[in-house]
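The values are calculated or read from the model by the stated rules, or taken from the named source; none is laboratory data. Just so it is clear, the structure is predicted and the values come from calculations on it, not from any experiment. Here Cβ is always computed from backbone atoms with ideal geometry, including for glycine, and neighbour counts include all displayed protein chains.
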Amino acid sequence: MINKLDFMMENNNYLKGGEFLTKSSNDIFIPEEFNEEQKMIAETCEDFLDKEVFPILDRIDEKEPGLMRGLISKIGEMGLLGVSVPEEYMGFGQSFTTSMLTSDRLGSGFAFSVAYSAHTGIGTLPILYYGNNEQKQKYLPKLATGELAAAYCLTEPNAGSDANSGKTKAVLSADGKHYVLNGQKMWITNGGFADVLTVFAKIDDDKILSAFIVERDFPGVTFGAEEKKMGIKGSSTVQIFFNDCMVPVENLLGKRGEGFRIALNILHIGRIKLGANVIGACKRAIMHGVNYANERKQFGSFISSFGAIKYKLGEMVVKTWGIESAVYRTAKYVDETIDKHVAEGMERPQAYLQAIGEYGMEAAILKVLGSESQDYIVDEAVQIHGGMGFSGEMPVDRCYRDSRINRIFEGTNEINRLVCADMLLKHAKKADSTIFAEAKSIYDNIESFKNEAITTGDYFDYYIKLSAYYKKAILLVMSRAYETLGKQYSTEQEVMMSISDMAMQAYAAESLTFRVKKIVTMLGEEKAAIYKKILDVFMYEAAARISKAANDAINSFAEGDEFVKLKKAITMFTTLKPVNVKEARRAIANKLIEDNKYNF
């Protein structure tokens, strides 16, 4: 067995959840480091979409009977439903990073990607990580191969973000052999064809949910009509009703009263996976945008030659590259944390859940940053098309409509911003945390700080120092807000969301910095020049966003001398050298235009 100390010494770049605010790793994992097996899996995902999904998108959206279920079976035959499932259950047994890569590459599959993600994520993982041996043996092999399809039943008409307020009840039958389930679930993805359902309900008068594995053909289960949705029209979304549904007692998933914990951990997984999922969707929208810009002429020139269009194309690339950098940095941290827990003697399923829970803050960051980047990108892709972008016949129509759900999926972005701020506070309150101590030191010594970042001569030293300043700004604002507001802090949601916005920008900015630095060592200065342009633009914009969010927060709680002191500090921490963002974006756009596809 690996010794814990040996593990930590060999992984000096490993950061625990939330530690990025007070520490910097010497190195991070970047997409340019995928091994050959991972690249092969990525190509397999892309080939599947090209051959099986993209040619029939209209048929999928029309919900042709059996079509989506057939696609789930097909991709199951290729092994791609079992990427996260151990080999003993007919799965692929791959790393968390590889599962994120799969989500990334299949993310451009529109409604199919939703069905796939629901099956492999919230549908399968509750059984994988909370099921007993008998439950795993019975269900996982068939879920991994596509013989069975899965769904997850948590939301109710009056229980959305407040999931534990659900009214679905389970009562033990007189003979003690079944739980009698009664209630209603809504917005159930894959519900129209799923064979296996993870259903959350309260047993008797319990205050906390329990979870059950319910099969489609159990007596008492009925399914509503398919919902009519704004986007992801091809995905199955129905209400499910349980009327005296008889669930065998052996189908209780986990322990009684463990359902809310199961739901929370599965939501963390869904959030972090959604961060990866949107990458593929962003790249496809960019492809449609640049293809059209290279075909459409106005005033005698292709519109891709116009500065206004180059601005949009360049910005789309910067945002996509930013979320991609943060996603794979986090994915590797999760893998390293899993390995650490296993080295300490923990079983791998428990190690996985422990790791996901530890990075709940980063998961919320990726979910919000990814979904909002995607919404910007698809909107600009439509705008590039002009009037044609508003036509239902153009492919960007589907990109636009299907993107909108991601700010609602896996907890709304508002909830996730609050989760991020709450977890930051919890990290700060841990006994071994240095967050409050460092924040106090920053506040007490503001007058002695000088913005050394803008005077440094080395390119990467400059951005590393700037990233550190962004993080100091977060610690300063969070600590002063908490100290000033006290018990009121948790009700001042606007302040909390501003702090979350700062954290999101800082995490992505540092991720880009370390990624570009590593690319320079891999490719050399000349080939890496375009990536330095991406970094320049992102860091410039991050400074402005962090400054605004910080000032929004400060204006809400600070007064007098403290107000003046904090404003001065934020100005110093978010001041950077001038960046010619026009020329940087044009350089990025020119590469995109020349390649006529996303190739960064």
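What the table shows:
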read-out: When residues of segment 353-388 are limited to those that are modelled with pLDDT of 95 or more and of a type in the set (Asp, Glu), the one nearest to residue 96 (Cα to Cα); value: 362
read-out: Pair list, Cβ < 8 Å and 6+ apart or interchain, from segment 312-326 residues that are crowded, with 24+ Cβ neighbours inside 10 Å to residues that are not in a helix (DSSP H, G or I); value: 317/598; 317/600; 320/598; 320/600; 321/600; 325/30
read-out: Checking residue 266 against (1) surrounded by fewer than 20 Cβ atoms within 10 Å (Cβ to Cβ); (2) at negative phi; (3) touching a residue at least 60 places away in the same chain (Cβ under 8 Å), the condition it does not meet; value: (1)
read-out: Flag for residue 538 being hydrophobic (A, V, I, L, M, F, W, C), crowded, with 20+ Cβ neighbours inside 10 Å and under 17 Å from residue 316 (Cβ atoms); value: yes
read-out: Segment 416-447, residues that are of a type outside the set (A, V, I, L, M, F, W, C) and surrounded by 16 or more Cβ atoms within 10 Å (Cβ to Cβ); value: 416, 417, 422, 427, 433, 438, 443
read-out: Residue 450 vs. criteria surrounded by 15 or more Cβ atoms within 10 Å (Cβ to Cβ) and among the charged types (D, E, K, R); value: no
read-out: Identity of the residue in segment 349-400, outside any helix (DSSP H, G or I) and over 15 Å from the mean Cα position of the chain (by Cα), that ends up surrounded by the most Cβ atoms within 10 Å (Cβ to Cβ); value: 385
read-out: Sole residue being surrounded by 15 or more Cβ atoms within 10 Å (Cβ to Cβ) and touching a Gly at 6+ places or on another chain (Cβ under 7 Å), chosen from 528, 508; value: 508
read-out: Residue count, segment 84-143 (criterion: in a helix (DSSP H, G or I), among the small types (Gly, Ala, Ser) and over 23 Å from residue 351 (Cβ atoms)); value: 4
read-out: Flag for residue 200 being in contact with a Cys (Cβ under 7 Å, 6 or more places away or on another chain) and either surrounded by fewer than 24 Cβ atoms within 10 Å (Cβ to Cβ) or over 16 Å from residue 117 (Cα atoms) (or both); value: yes
read-out: Identity of the residue in segment 37-65, of a type in the set (Lys, Arg) and assigned to a helix (DSSP H, G or I), that ends up nearest to the chain's Cα centre (by Cα); value: 39
read-out: Every residue from segment 327-347 that is out of contact with any helix residue (DSSP H, G or I) (no Cβ under 6 Å at 6 or more places or on another chain) and surrounded by fewer than 24 Cβ atoms within 10 Å (Cβ to Cβ); value: 336, 339, 345, 346, 347
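Residue-wise test of (1) of a type in the set (Lys, Arg); (2) surrounded by fewer than 21 Cβ atoms within 10 Å (Cβ to Cβ).
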| site | (1), (2) |
| --- | --- |
| 133 | no, yes |
| 139 | no, no |
| 152 | no, no |
| 166 | no, no |
| 177 | yes, yes |
